[in-house]
Amino acid sequence: MTEVVPLADAHEEARFGAKATGLGAAARHGLPVPPGVALSGSIVEAVAAGQKQAVDQVIAAARALDGPLAVRSSAADEDGADASFAGQHLTLLNVPSVDDIEAAVREIWWSANSDSAISYRQRVGLFARPSVGVVVQSLLDPDVAGVMFTENPINKADERLIEASWGLGEVVVAGRVIPDSFRMDRTGKVLERTPGMKKIAIRAAGDGGTLEEAVPPERVEALCLDDAQLGELNALAGKCEDTYGRARDIEWAFAGGRLYLLQCRAVTRAGASPKPAGQAASGPVEVIERVPLFANMSPHDVEGIAALFKERRFAPGETVTREGAGGAAFFVIQSGEATVSVAGRERATLGKDDYFGEMALIDGGARSATITASTELVCYGLTYWEFRPLVQQNATIAWNLLQTLAQRLRTAQEDQRG
(Lines give C-alpha, C1' and ligand atoms only; values in the text may rest on other atoms or scores of the structure.)
Protein backbone atom coordinates (compact mmCIF):
# COMPACT_ATOMS: atom_id res chain seq x y z
CA MET A 1 0.00 0.00 0.00
CA THR A 2 1.49 3.34 -1.08
CA GLU A 3 1.84 5.83 1.78
CA VAL A 4 2.93 8.83 -0.37
CA VAL A 5 0.82 9.70 -3.44
CA PRO A 6 0.24 12.64 -5.81
CA LEU A 7 -2.59 14.80 -4.51
CA ALA A 8 -4.93 13.64 -7.28
CA ASP A 9 -4.54 10.06 -5.97
CA ALA A 10 -5.44 10.91 -2.35
CA HIS A 11 -8.89 9.32 -2.01
CA GLU A 12 -9.10 7.89 1.53
CA GLU A 13 -9.71 10.48 4.24
CA ALA A 14 -8.97 7.97 6.99
CA ARG A 15 -5.44 7.52 5.59
CA PHE A 16 -4.51 10.92 4.15
CA GLY A 17 -6.74 13.34 6.07
CA ALA A 18 -9.42 15.82 5.12
CA LYS A 19 -7.20 18.49 3.58
CA ALA A 20 -5.35 16.06 1.31
CA THR A 21 -8.47 14.28 0.07
CA GLY A 22 -10.24 17.61 -0.42
CA LEU A 23 -7.39 18.93 -2.56
CA GLY A 24 -7.25 15.57 -4.32
CA ALA A 25 -10.92 15.89 -5.32
CA ALA A 26 -10.21 19.44 -6.52
CA ALA A 27 -7.31 18.25 -8.67
CA ARG A 28 -9.41 15.46 -10.18
CA HIS A 29 -12.14 17.99 -11.05
CA GLY A 30 -9.69 20.30 -12.79
CA LEU A 31 -9.59 23.01 -10.13
CA PRO A 32 -6.36 25.09 -9.99
CA VAL A 33 -4.43 23.36 -7.18
CA PRO A 34 -0.64 23.84 -6.80
CA PRO A 35 1.26 20.60 -7.46
CA GLY A 36 1.91 18.44 -4.43
CA VAL A 37 1.92 15.06 -2.69
CA ALA A 38 -0.07 13.59 0.19
CA LEU A 39 1.50 11.69 3.10
CA SER A 40 -0.57 9.15 5.01
CA GLY A 41 -0.90 9.28 8.78
CA SER A 42 1.15 6.09 9.05
CA ILE A 43 4.17 7.45 7.23
CA VAL A 44 3.96 10.80 9.04
CA GLU A 45 4.20 8.94 12.34
CA ALA A 46 7.12 6.93 10.99
CA VAL A 47 8.93 10.10 9.88
CA ALA A 48 8.27 11.70 13.26
CA ALA A 49 9.83 8.61 14.86
CA GLY A 50 12.93 9.00 12.69
CA GLN A 51 12.50 5.85 10.59
CA LYS A 52 15.02 6.27 7.76
CA GLN A 53 13.08 4.23 5.21
CA ALA A 54 10.01 6.45 5.68
CA VAL A 55 12.08 9.65 5.53
CA ASP A 56 13.77 8.53 2.31
CA GLN A 57 10.42 7.65 0.73
CA VAL A 58 8.95 11.08 1.49
CA ILE A 59 12.03 12.93 0.24
CA ALA A 60 12.09 10.93 -2.99
CA ALA A 61 8.42 11.74 -3.69
CA ALA A 62 8.85 15.46 -2.95
CA ARG A 63 11.88 15.93 -5.21
CA ALA A 64 9.57 16.35 -8.20
CA LEU A 65 8.14 19.57 -6.71
CA ASP A 66 9.64 22.90 -7.74
CA GLY A 67 11.29 25.42 -5.42
CA PRO A 68 10.55 25.97 -1.74
CA LEU A 69 7.66 24.06 -0.21
CA ALA A 70 4.50 24.55 1.82
CA VAL A 71 3.98 21.73 4.35
CA ARG A 72 0.52 21.52 5.93
CA SER A 73 -1.28 19.23 8.36
CA SER A 74 -4.10 17.02 7.09
CA ALA A 75 -5.80 15.19 9.96
CA ALA A 76 -8.78 12.95 9.26
CA ASP A 77 -11.16 15.08 11.36
CA GLU A 78 -9.44 18.42 10.81
CA ASP A 79 -11.80 20.46 8.65
CA GLY A 80 -15.33 19.24 9.34
CA ALA A 81 -18.44 21.31 9.82
CA ASP A 82 -18.49 20.59 13.56
CA ALA A 83 -14.87 21.42 14.38
CA SER A 84 -11.96 23.31 12.87
CA PHE A 85 -8.37 22.80 13.96
CA ALA A 86 -7.22 26.09 12.42
CA GLY A 87 -4.65 27.54 14.81
CA GLN A 88 -4.09 24.11 16.41
CA HIS A 89 -2.42 22.10 13.65
CA LEU A 90 0.65 23.59 12.05
CA THR A 91 1.33 24.94 8.57
CA LEU A 92 4.97 25.55 7.63
CA LEU A 93 5.54 27.88 4.68
CA ASN A 94 8.75 28.28 2.70
CA VAL A 95 10.43 25.07 3.78
CA PRO A 96 13.64 25.65 1.78
CA SER A 97 14.17 22.20 0.25
CA VAL A 98 13.23 18.53 0.43
CA ASP A 99 16.16 18.01 2.80
CA ASP A 100 14.21 20.01 5.42
CA ILE A 101 11.01 17.96 5.12
CA GLU A 102 11.79 15.53 7.94
CA ALA A 103 11.97 18.32 10.55
CA ALA A 104 8.85 20.00 9.11
CA VAL A 105 6.80 16.78 9.23
CA ARG A 106 7.93 16.12 12.81
CA GLU A 107 6.80 19.64 13.86
CA ILE A 108 3.39 19.09 12.29
CA TRP A 109 2.99 15.72 14.01
CA TRP A 110 3.75 17.36 17.35
CA SER A 111 1.31 20.23 16.68
CA ALA A 112 -1.50 17.67 16.42
CA ASN A 113 -0.35 16.08 19.68
CA SER A 114 0.24 19.33 21.59
CA ASP A 115 -1.48 20.29 24.84
CA SER A 116 -3.71 22.83 23.06
CA ALA A 117 -4.75 20.43 20.27
CA ILE A 118 -5.57 17.62 22.71
CA SER A 119 -7.52 20.03 24.94
CA TYR A 120 -9.50 21.21 21.89
CA ARG A 121 -10.28 17.59 21.00
CA GLN A 122 -11.67 17.08 24.49
CA ARG A 123 -13.87 20.20 24.20
CA VAL A 124 -15.39 19.23 20.85
CA GLY A 125 -15.87 15.54 21.66
CA LEU A 126 -13.10 14.20 19.37
CA PHE A 127 -10.92 12.78 22.14
CA ALA A 128 -9.25 10.02 20.14
CA ARG A 129 -5.74 9.51 18.97
CA PRO A 130 -5.28 11.77 15.90
CA SER A 131 -4.12 10.35 12.59
CA VAL A 132 -2.14 13.19 11.06
CA GLY A 133 -1.53 13.20 7.33
CA VAL A 134 0.54 15.91 5.65
CA VAL A 135 0.27 17.79 2.37
CA VAL A 136 3.51 18.93 0.70
CA GLN A 137 3.11 21.45 -2.16
CA SER A 138 5.19 23.87 -4.16
CA LEU A 139 5.06 27.25 -2.42
CA LEU A 140 3.41 30.11 -4.29
CA ASP A 141 4.64 33.71 -4.21
CA PRO A 142 1.24 35.45 -4.27
CA ASP A 143 0.56 39.03 -5.26
CA VAL A 144 -2.66 38.87 -3.26
CA ALA A 145 -4.37 36.14 -1.25
CA GLY A 146 -7.12 35.56 1.26
CA VAL A 147 -10.25 33.65 2.16
CA MET A 148 -13.72 33.32 0.63
CA PHE A 149 -16.98 31.98 2.02
CA THR A 150 -19.48 30.76 -0.55
CA GLU A 151 -22.24 31.51 1.95
CA ASN A 152 -22.18 34.32 4.51
CA PRO A 153 -21.03 32.55 7.72
CA ILE A 154 -22.57 35.17 9.99
CA ASN A 155 -26.18 35.46 8.78
CA LYS A 156 -26.26 32.53 6.28
CA ALA A 157 -27.14 34.93 3.44
CA ASP A 158 -26.80 33.44 -0.04
CA GLU A 159 -23.82 35.56 -1.04
CA ARG A 160 -20.04 35.34 -1.40
CA LEU A 161 -17.92 36.98 1.30
CA ILE A 162 -14.27 37.63 0.41
CA GLU A 163 -11.38 38.97 2.51
CA ALA A 164 -8.09 39.80 0.81
CA SER A 165 -4.68 41.32 1.43
CA TRP A 166 -1.26 41.65 -0.20
CA GLY A 167 1.20 38.73 -0.10
CA LEU A 168 0.65 35.37 1.55
CA GLY A 169 -2.83 34.69 2.86
CA GLU A 170 -1.57 33.85 6.37
CA VAL A 171 -1.70 37.57 7.13
CA VAL A 172 -5.51 37.34 6.74
CA VAL A 173 -5.98 33.97 8.40
CA ALA A 174 -3.91 35.05 11.42
CA GLY A 175 -5.72 38.40 11.73
CA ARG A 176 -2.55 40.46 11.29
CA VAL A 177 -4.27 43.11 9.13
CA ILE A 178 -7.71 44.52 8.52
CA PRO A 179 -8.28 42.98 5.06
CA ASP A 180 -10.28 44.34 2.18
CA SER A 181 -13.80 42.96 2.29
CA PHE A 182 -16.09 42.21 -0.64
CA ARG A 183 -19.66 40.92 -0.90
CA MET A 184 -21.03 39.43 -4.13
CA ASP A 185 -24.24 37.71 -5.11
CA ARG A 186 -24.17 34.38 -6.95
CA THR A 187 -24.19 36.06 -10.35
CA GLY A 188 -20.92 37.84 -9.51
CA LYS A 189 -22.47 41.24 -8.97
CA VAL A 190 -20.45 43.16 -6.37
CA LEU A 191 -22.73 44.27 -3.54
CA GLU A 192 -20.12 45.93 -1.34
CA ARG A 193 -16.38 46.82 -1.37
CA THR A 194 -14.73 47.91 1.87
CA PRO A 195 -11.04 48.86 1.84
CA GLY A 196 -9.03 47.51 4.74
CA MET A 197 -5.91 48.71 6.53
CA LYS A 198 -3.19 46.45 5.13
CA LYS A 199 0.00 47.82 6.71
CA ILE A 200 2.05 44.61 6.44
CA ALA A 201 2.43 41.72 4.03
CA ILE A 202 3.89 38.29 4.77
CA ARG A 203 6.44 37.11 2.21
CA ALA A 204 8.78 34.14 1.85
CA ALA A 205 12.18 34.81 3.43
CA GLY A 206 15.32 34.08 1.45
CA ASP A 207 16.67 31.60 4.02
CA GLY A 208 13.39 29.81 4.72
CA GLY A 209 10.32 30.67 6.72
CA THR A 210 8.46 33.93 6.31
CA LEU A 211 8.95 37.59 7.15
CA GLU A 212 6.78 40.65 7.49
CA GLU A 213 7.38 43.62 5.25
CA ALA A 214 5.81 47.06 5.33
CA VAL A 215 3.26 47.76 2.60
CA PRO A 216 3.93 51.01 0.68
CA PRO A 217 1.66 53.79 2.04
CA GLU A 218 -0.25 54.16 -1.24
CA ARG A 219 -1.28 50.47 -1.12
CA VAL A 220 -2.33 50.29 2.55
CA GLU A 221 -5.94 51.29 1.84
CA ALA A 222 -6.00 50.55 -1.90
CA LEU A 223 -8.30 47.70 -2.93
CA CYS A 224 -6.19 44.66 -3.82
CA LEU A 225 -8.76 42.92 -6.08
CA ASP A 226 -10.19 44.26 -9.34
CA ASP A 227 -13.43 43.26 -11.04
CA ALA A 228 -11.77 40.62 -13.22
CA GLN A 229 -10.24 38.92 -10.20
CA LEU A 230 -13.53 39.05 -8.32
CA GLY A 231 -15.17 37.40 -11.31
CA GLU A 232 -12.58 34.59 -11.22
CA LEU A 233 -13.19 34.10 -7.51
CA ASN A 234 -16.93 33.87 -8.02
CA ALA A 235 -16.41 31.26 -10.72
CA LEU A 236 -14.09 29.31 -8.37
CA ALA A 237 -16.73 29.46 -5.63
CA GLY A 238 -19.29 27.91 -7.97
CA LYS A 239 -16.92 25.13 -9.04
CA CYS A 240 -16.06 24.35 -5.43
CA GLU A 241 -19.73 24.08 -4.52
CA ASP A 242 -20.33 21.83 -7.53
CA THR A 243 -17.50 19.60 -6.30
CA TYR A 244 -17.99 19.65 -2.52
CA GLY A 245 -21.48 21.05 -1.82
CA ARG A 246 -22.75 24.32 -0.38
CA ALA A 247 -21.27 26.52 2.37
CA ARG A 248 -17.52 26.29 1.70
CA ASP A 249 -14.61 28.06 3.39
CA ILE A 250 -11.94 28.60 0.70
CA GLU A 251 -8.34 29.77 0.89
CA TRP A 252 -7.04 31.13 -2.41
CA ALA A 253 -4.16 33.11 -3.94
CA PHE A 254 -3.32 34.99 -7.14
CA ALA A 255 0.28 34.33 -8.20
CA GLY A 256 1.82 35.20 -11.55
CA GLY A 257 -1.57 36.35 -12.83
CA ARG A 258 -3.25 33.01 -12.08
CA LEU A 259 -5.79 32.05 -9.40
CA TYR A 260 -4.99 29.03 -7.22
CA LEU A 261 -7.11 27.06 -4.76
CA LEU A 262 -5.15 26.36 -1.57
CA GLN A 263 -7.87 24.81 0.58
CA CYS A 264 -11.61 24.16 0.55
CA ARG A 265 -13.40 22.97 3.68
CA ALA A 266 -16.87 23.07 5.16
CA VAL A 267 -17.79 26.24 7.00
CA THR A 268 -17.47 25.36 10.69
CA ARG A 269 -20.80 25.53 12.48
CA ALA A 270 -20.86 27.63 15.61
CA GLY A 271 -21.17 25.96 18.51
CA ALA A 272 -4.19 3.23 16.92
CA SER A 273 -2.70 3.86 13.66
CA PRO A 274 -0.67 1.21 11.88
CA LYS A 275 2.99 1.80 11.05
CA PRO A 276 4.39 1.08 7.60
CA ALA A 277 6.15 -2.21 7.19
CA GLY A 278 9.90 -2.07 6.91
CA GLN A 279 12.75 -0.86 9.00
CA ALA A 280 12.22 -0.83 12.75
CA ALA A 281 12.25 2.49 14.55
CA SER A 282 15.50 3.63 16.11
CA GLY A 283 14.43 5.35 19.32
CA PRO A 284 16.49 7.20 21.90
CA VAL A 285 17.61 4.06 23.74
CA GLU A 286 20.60 5.70 25.40
CA VAL A 287 18.36 8.45 26.83
CA ILE A 288 15.66 6.09 28.10
CA GLU A 289 18.24 3.89 29.84
CA ARG A 290 19.28 6.83 32.03
CA VAL A 291 15.76 7.76 33.17
CA PRO A 292 14.84 6.35 36.63
CA LEU A 293 11.25 5.84 35.52
CA PHE A 294 12.47 3.08 33.17
CA ALA A 295 15.01 1.50 35.54
CA ASN A 296 15.29 -2.28 36.05
CA MET A 297 13.88 -3.11 32.64
CA SER A 298 15.30 -5.58 30.14
CA PRO A 299 17.22 -4.23 27.12
CA HIS A 300 14.47 -5.59 24.87
CA ASP A 301 11.78 -3.68 26.78
CA VAL A 302 13.86 -0.50 26.77
CA GLU A 303 14.28 -0.73 23.00
CA GLY A 304 10.55 -1.22 22.54
CA ILE A 305 9.71 1.77 24.73
CA ALA A 306 12.35 3.96 23.07
CA ALA A 307 10.77 3.29 19.68
CA LEU A 308 7.58 5.01 20.90
CA PHE A 309 9.33 8.30 21.66
CA LYS A 310 9.59 11.14 19.14
CA GLU A 311 12.04 14.03 19.11
CA ARG A 312 10.83 17.59 19.70
CA ARG A 313 12.93 20.76 19.73
CA PHE A 314 12.23 24.08 21.46
CA ALA A 315 13.94 27.44 20.94
CA PRO A 316 15.20 29.49 23.92
CA GLY A 317 12.23 31.22 25.57
CA GLU A 318 9.66 28.88 24.00
CA THR A 319 6.96 27.47 26.30
CA VAL A 320 7.01 23.68 26.49
CA THR A 321 4.03 23.25 28.84
CA ARG A 322 1.78 25.91 30.35
CA GLU A 323 0.38 25.82 33.89
CA GLY A 324 -3.36 25.18 33.85
CA ALA A 325 -3.44 23.80 30.29
CA GLY A 326 -4.45 20.26 29.46
CA GLY A 327 -1.65 17.71 29.25
CA ALA A 328 -0.82 15.81 26.08
CA ALA A 329 2.75 14.50 26.40
CA PHE A 330 5.46 13.26 28.74
CA PHE A 331 8.98 14.56 27.97
CA VAL A 332 12.55 13.48 28.67
CA ILE A 333 15.29 16.08 28.12
CA GLN A 334 18.09 14.90 25.87
CA SER A 335 20.05 18.20 25.88
CA GLY A 336 19.63 21.79 27.02
CA GLU A 337 17.96 23.34 30.04
CA ALA A 338 14.46 24.48 31.02
CA THR A 339 12.98 26.41 33.93
CA VAL A 340 9.99 25.33 36.01
CA SER A 341 7.61 28.08 37.16
CA VAL A 342 4.52 27.86 39.36
CA ALA A 343 2.20 30.87 39.73
CA GLY A 344 4.80 33.01 38.01
CA ARG A 345 7.63 32.07 40.39
CA GLU A 346 10.65 30.12 39.19
CA ARG A 347 10.94 26.90 41.19
CA ALA A 348 13.55 24.70 39.52
CA THR A 349 15.84 24.12 36.57
CA LEU A 350 15.68 20.95 34.49
CA GLY A 351 18.51 19.50 32.43
CA LYS A 352 19.73 16.42 30.64
CA ASP A 353 17.83 13.21 31.55
CA ASP A 354 15.22 15.07 33.65
CA TYR A 355 11.62 14.27 32.77
CA PHE A 356 8.28 16.00 33.26
CA GLY A 357 4.63 15.93 32.26
CA GLU A 358 3.58 12.55 33.65
CA MET A 359 1.22 13.92 36.32
CA ALA A 360 -1.30 15.45 33.92
CA LEU A 361 -1.32 12.27 31.84
CA ILE A 362 -2.05 10.11 34.88
CA ASP A 363 -4.97 12.00 36.41
CA GLY A 364 -6.23 13.84 33.32
CA GLY A 365 -5.84 17.15 35.14
CA ALA A 366 -4.23 20.39 34.11
CA ARG A 367 -0.50 21.02 33.92
CA SER A 368 0.80 21.90 37.38
CA ALA A 369 3.68 24.09 36.18
CA THR A 370 4.96 26.10 33.23
CA ILE A 371 8.11 24.70 31.63
CA THR A 372 10.12 27.15 29.50
CA ALA A 373 13.21 26.40 27.43
CA SER A 374 16.21 28.34 28.80
CA THR A 375 18.50 27.19 25.99
CA GLU A 376 18.08 25.23 22.79
CA LEU A 377 16.14 22.29 24.18
CA VAL A 378 15.93 18.82 22.65
CA CYS A 379 13.37 16.46 24.18
CA TYR A 380 11.97 13.06 23.45
CA GLY A 381 8.22 12.95 23.96
CA LEU A 382 5.62 10.28 24.55
CA THR A 383 2.01 11.29 23.96
CA TYR A 384 -1.04 10.46 26.07
CA TRP A 385 -1.99 7.76 23.55
CA GLU A 386 1.22 5.78 24.22
CA PHE A 387 1.93 6.74 27.86
CA ARG A 388 -1.20 5.38 29.54
CA PRO A 389 -1.19 1.93 27.91
CA LEU A 390 2.54 1.68 28.59
CA VAL A 391 2.03 2.24 32.34
CA GLN A 392 -1.06 0.03 32.48
CA GLN A 393 0.71 -2.88 30.78
CA ASN A 394 4.10 -2.69 32.51
CA ALA A 395 4.30 -3.31 36.26
CA THR A 396 7.94 -2.19 36.50
CA ILE A 397 7.14 1.25 35.07
CA ALA A 398 4.04 1.55 37.26
CA TRP A 399 6.10 0.74 40.37
CA ASN A 400 8.86 3.20 39.40
CA LEU A 401 6.23 5.83 38.81
CA LEU A 402 4.63 5.14 42.19
CA GLN A 403 8.02 5.56 43.88
CA THR A 404 8.59 8.85 42.06
CA LEU A 405 5.21 10.21 43.13
CA ALA A 406 5.75 9.07 46.73
CA GLN A 407 9.11 10.84 46.81
CA ARG A 408 7.54 14.05 45.49
CA LEU A 409 4.76 13.85 48.09
CA ARG A 410 7.29 13.31 50.88
CA THR A 411 9.33 16.31 49.65
CA ALA A 412 6.23 18.51 49.53
CA GLN A 413 5.27 17.49 53.10
CA GLU A 414 8.77 18.25 54.37
CA ASP A 415 8.67 21.66 52.67
CA GLN A 416 5.38 22.43 54.42
CA ARG A 417 6.79 21.45 57.83
CA GLY A 418 9.90 23.51 57.15
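Some points to look at:
- Of the helices (runs of 4 or more DSSP H) lying entirely inside segment 168-253, those containing at least 1 residues that are open to solvent by less than 20 Å² (accessible area, probe 1.4 Å) and within 23 Å of residue 24 (Cβ to Cβ) are 227-244.
- Residue pairs whose Cβ atoms lie under 8 Å apart, sitting 6 or more positions apart in sequence or on different chains, and linking a residue in segment 305-319 that is within 12 Å of residue 285 (Cα to Cα) to a partner that is of a type in the set (Lys, Arg), are 310/106.
- Residue satisfying all of: in segment 87-117; of a type in the set (D, E, K, R) and at pLDDT 90 or above; most open to solvent (accessible area, probe 1.4 Å) among these: 99
- If the condition is being buried (at least 21 other Cβ atoms within 10 Å of the Cβ) and hydrophobic (A, V, I, L, M, F, W, C), then segment 19-36 contributes 20, 23, 26, 33.
- Test: residue 49 is open to solvent by less than 20 Å² (accessible area, probe 1.4 Å), at pLDDT 95 or above and under 22 Å from residue 312 (Cβ atoms): no
- Residue match in segment 118-139 (condition: at pLDDT 90 or above and assigned to a helix (DSSP H, G or I)): no
- Scan of segment 59-73 for residues that are small (Gly, Ala, Ser) and assigned to a helix (DSSP H, G or I), ordered by number: 60, 61, 62
- For segment 55-86, a residue qualifies if it is farther than 20 Å from residue 167 by Cα, small (Gly, Ala, Ser) and modelled with pLDDT of 80 or more, and the qualifying residues are 60, 61, 62, 64, 73, 74, 75.
The values are calculated or read from the model by the stated rules, or taken from the named source; none is laboratory data. As the structure is a computational prediction, the values presented were derived from the model and not from experiment. Reconstructed Cβ throughout: ideal geometry from the backbone, glycine too, with neighbour counts over all protein chains shown. Only protein heavy atoms, including side chains, enter the accessible area calculation; ligands, DNA and RNA are left aside. Shrake-Rupley method; radii C 1.70, N 1.55, O 1.52, S 1.80 Å.
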